Amino acid sequence: MPEASQPTQPTQPRVFFFDLLRCVAAIFVIAIHVLAPYRYELGAIPFNQWVTAVSLNSVSRWAVPVFIMISGALLLSDSRPFDAKYYLQRRFGKVLIPFLIWSLFYAYLSGWGINGFDGELASSVLVDSFHHATYYHLGFFYYFLPLYFVAPFLQILVKKVDNTGLFILVMLWLLTTNFYLLSFDGPWSNQYYLYP
């Protein structure tokens, strides 16, 4: 039986710096996950070991935002004509579907405890998954998937607006983000406004 043909587009040239940065960031993400449990070990392990683990964990935190920024940079600099079918199959087929499957799996897994399976807990975790991850390491997708939704619109904006206009838009976004961080109430208080 012949395989279903995937839509193809010309490939973008590879950016070696981004590949290198991804490799380094991946190592730091592993460090984040390995060192995270030590945050709760204050008093249970020698203090100098706790400080070392927590410090290394803290300086590794740049890695996750870098993955998002690399994806954003590559999506926005894509010069190929936009093909919605290709975009949906390539982006959402490879990211959204596995994310949904793993979210279902972890929601189900969360229902299991020492006393057996608690269907109410599993259902509650699944319903709450619209607001937060079913398991902590899936939290990355809650930043990443919205980028895929808005990237085609941002790509059009980047192509149509000159550098001065983009600078003004970014400055307005940063200003309203600071209003939010400083707890000034307004329309910028909506998290979806700040982080599309």
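Here are some notes:
- Region 119-163, subset in a loop (DSSP other than H, G, I, E, B) and more than 20 Å from the chain's Cα centre (by Cα), residue farthest from Phe99 (Cα to Cα): Asp162
- For region 78-100, the criterion of being among the small types (Gly, Ala, Ser) and touching a helix residue (DSSP H, G or I) at 6+ places or on another chain (Cβ under 7 Å) is met by no residue.
- The one condition in (1) without any contact (Cβ under 8 Å) to a residue 40 or more places away in the chain; (2) surrounded by 13 or more Cβ atoms within 10 Å (Cβ to Cβ); (3) touching a helix residue (DSSP H, G or I) at 6+ places or on another chain (Cβ under 9 Å) that Trp112 fails to fulfil: (2)
Matching residues to (1) under 23 Å from Lys94 (Cβ atoms); (2) at pLDDT below 90; (3) part of a helix (DSSP H, G or I):
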| residue | (1), (2), (3) |
| --- | --- |
| Glu3 | yes, yes, no |
| Thr11 | yes, yes, no |
| Arg22 | yes, no, yes |
| Ala26 | yes, no, yes |
| Tyr38 | no, no, yes |
| Asn48 | no, no, yes |
| Thr52 | no, no, yes |
| Ser55 | no, no, yes |
| Ser58 | no, no, yes |
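- Of all residues in region 162-173, those satisfying the criterion of being surrounded by 11 or more Cβ atoms within 10 Å (Cβ to Cβ), closer than 17 Å to Gly72 by Cα and either modelled with pLDDT under 90 or small (Gly, Ala, Ser) (or both) are Leu166, Leu169, Trp173.
The values are calculated or read from the model by the stated rules, or taken from the named source; none is laboratory data. Because the structure is a prediction, the values reported are computed rather than measured. Every residue, glycine among them, receives a Cβ derived from its backbone with ideal geometry; neighbour counts consider all protein chains shown.
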